[in-house]
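Chemist: The structure under discussion is supplied below as structure tokens; questions concerning it will follow.
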Amino acid sequence: TRHRSGGGERRSASDTGLADRHAFEAACGLRPFERQIRVLALCDMEHLPVQRGPRAQVQRRFAQILRTNVREGDCVAHLGEEAFALALRQIDMANARALVQRIAQQVQEQLQDSPAPEAPVSASFGLAMVREADTLAIAMHRADVLLYQAKEGGTGQVGVDEVATEAT
């Protein structure tokens with residue numbers, strides 16, 4: 001699906017209305033720091049319904065939660081299945097962490113009625129500070145590692161770039 005947005009073309013993933021991976025990568029550029037992106041957040045939704053219809057409904061509701069929490073100029077993408085990404089501009093790690101914790105709380109409050117069989121839907125995040133020399137691939141890799149470290153601690157966790165938290 002393609003949408004016109006502000007004179008540019010933006011591709012959306014599935015029916016969430018969010019940017020897809022290609023549009024996300026284009027918005028971030030090769031060097032995200034040059035585009036004022038300071039934090040990259042990767043997110044995995046957990047305990048999504050198995051059936052396609054209810055799963056898509058939960059993904060759309062989650063996409064809406066993401067959209068209502070980010071600021072104009074930030075980029076939100078549905079990378080596929082349960083994976084989402086946020087490119088946050090002009091923000092420090094403390095505020096980025098507060099943002100994703102607010103999102104995680106809203107997921108708990110607003111998606112409790114989803115038809116997940118074994119456990120309520122939740123979201124885990126990995127937040128990487130974008131350094132001036134970082135390519136998008138390097139920053140995404142760091143966020144991915146932090147996401148999986150967070151998930152090792154259970155569902156609904158946030159992994160944060162420790163170097164960034166020391167600097168804030």
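Chemist: Just the number, please: carbon plus sulfur as a percent of the accessible area of segment 68-168, 1.4 Å probe, no ligands or DNA/RNA counted. Walk me through the numbers before you get to the answer.
Modeler: Working: 2370 of 4950 Å².
After summing per-atom areas, the C and S share lands at 48 percent.
Chemist: Residues with amide H under 5 Å of GLU46's amide H, sequence separation 5 or more or different chain, H placed in the peptide plane at 1.01 Å from N; which?
Modeler: Those lying under 5 Å, H to H, from GLU46 are SER122, ALA123, SER124.
Chemist: Can you give the FRET efficiency for GLN57 and GLN149, using 1/(1 + (r/R0)^6), R0 = 41 Å, r = Cβ-Cβ distance, to the nearest 0.05?
Modeler: Details: r = 30 Å, r/R0 = 0.73.
With a Förster radius of 41 Å, E is 0.85.
Chemist: For the chain, what is the charge dipole size about the Cα centre, in debye to the nearest 20, if Lys and Arg each add +1 at the Cβ and Asp and Glu each add -1 at the Cβ? Show your work: numbers first, answer last.
Modeler: On the way: 20 positive and 22 negative charges, 129 e Å.
With Lys and Arg at +1 and Asp and Glu at -1, about 620 debye.
Chemist: Test of understanding: what is the full-extension gain from GLU81 to VAL163, defined as 0.36 nm times their sequence separation minus their Cα-Cα distance?
Modeler: 26.5 nm
Chemist: Now, a different point. Might you tell me the accessible area per residue for segment 21-84, computed with a 1.4 Å probe and given in Å²?
Modeler: Details: 3080 Å² over 64 residues.
Spelled out: the 1.4 Å probe surface of segment 21-84, per residue, equals 48 Å².
Chemist: Shifting gears a bit: For every helix of n ≥ 4 consecutive DSSP H residues, a contribution of -39,500 (n - 2.57) applies; sum these over the chain, divide by its total residues, and give [θ] at 222 nm rounded to the nearest 500 deg cm²/dmol.
Modeler: Numbers: 5 runs with 67 residues, N = 168.
So the helix-based figure for the chain works out to -12500 deg cm²/dmol.
Chemist: So if I restrict to the alpha-carbon atoms in segment 13-168, what is the Rg, and what is Dmax, the biggest pairwise distance, in Å?
Modeler: Considering segment 13-168 through its Cα atoms, Rg and Dmax are 14.7, 44 Å.
Chemist: Shifting gears a bit: Which whole-Hz couplings ³J(HN,Hα) result when phi for each residue of segment 124-133 is put into the Karplus expression 6.51 cos²θ - 1.76 cosθ + 1.60, θ = phi - 60°, listed in order with x for Gly and Pro?
Modeler: Those phi angles translate into 10, 10, x, 10, 10, 6, 8, 8, 4, 8 Hz.
Chemist: Describe numerically, in nm with one decimal, the distance between label points set 7 Å from Cα along Cα→Cβ at ASP15 and at ASN69.
Modeler: Going from the ASP15 label point to the ASN69 one covers 2.4 nm.
The values are calculated or read from the model by the stated rules, or taken from the named source; none is laboratory data. All of these numbers come straight from a predicted model, not from anything done at the bench. In this analysis, Cβ positions are derived from the backbone assuming ideal geometry, glycine residues included, and neighbour counts consider all displayed protein chains. The area values use the complete protein model at the heavy-atom level, side chains included, leaving out ligands, DNA and RNA. Shrake-Rupley method; radii C 1.70, N 1.55, O 1.52, S 1.80 Å.
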